[in-house]
Amino acid sequence: MTAEKKTSTKADRAKGAVKENVGRAVGNERMTAEGRAERAKGDIREAGEKAKDAFKR
């Protein structure tokens, strides 16, 4: 996994977690759902990159 992709993945996960927590704090279900989706997107991207790295070895 390149450093750029790793940074992007971690940023997606962090941004999603923050958005989810803020949405939960203010009672905004839509923001909570968007945060959950962004965090899941980062998790999926990270899993895909890890699998790709595993097959390279």
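The values are calculated or read from the model by the stated rules, or taken from the named source; none is laboratory data. Remember, predicted model here, so these are calculated numbers, not experimental data. Cβ coordinates were reconstructed from backbone atoms using ideal geometry, including for glycine residues, and neighbour counts include every protein chain displayed.
Working only within segment 34-49, note down all residues that are of a type outside the set (D, E, K, R) and more than 14 Å from Lys15 (Cβ to Cβ).
Ile44, Ala47, Gly48, listed by residue number.
Return the pair list, or none, for Cβ contacts closer than 6 Å from residues in segment 1-22 that are farther than 19 Å from Glu49 by Cα to residues that are part of a helix (DSSP H, G or I) and β-branched (Val, Ile, Thr), at least 6 apart or on different chains.
Sorted first by the residue in segment 1-22, then by its partner, the pairs are Glu20/Thr32.
Just name the residue that is modelled with the lowest pLDDT out of those in segment 44-55 that are out of contact with any Ser or Thr (no Cβ under 8 Å at 6 or more places or on another chain) and closer than 14 Å to Lys5 by Cβ.
Asp53
Going through Ala54, Ala40 one at a time, which residue ends up being surrounded by fewer than 16 Cβ atoms within 10 Å (Cβ to Cβ) and either within 8 Å of the chain's Cα centre (by Cα) or not in a helix (DSSP H, G or I) (or both)?
Ala40
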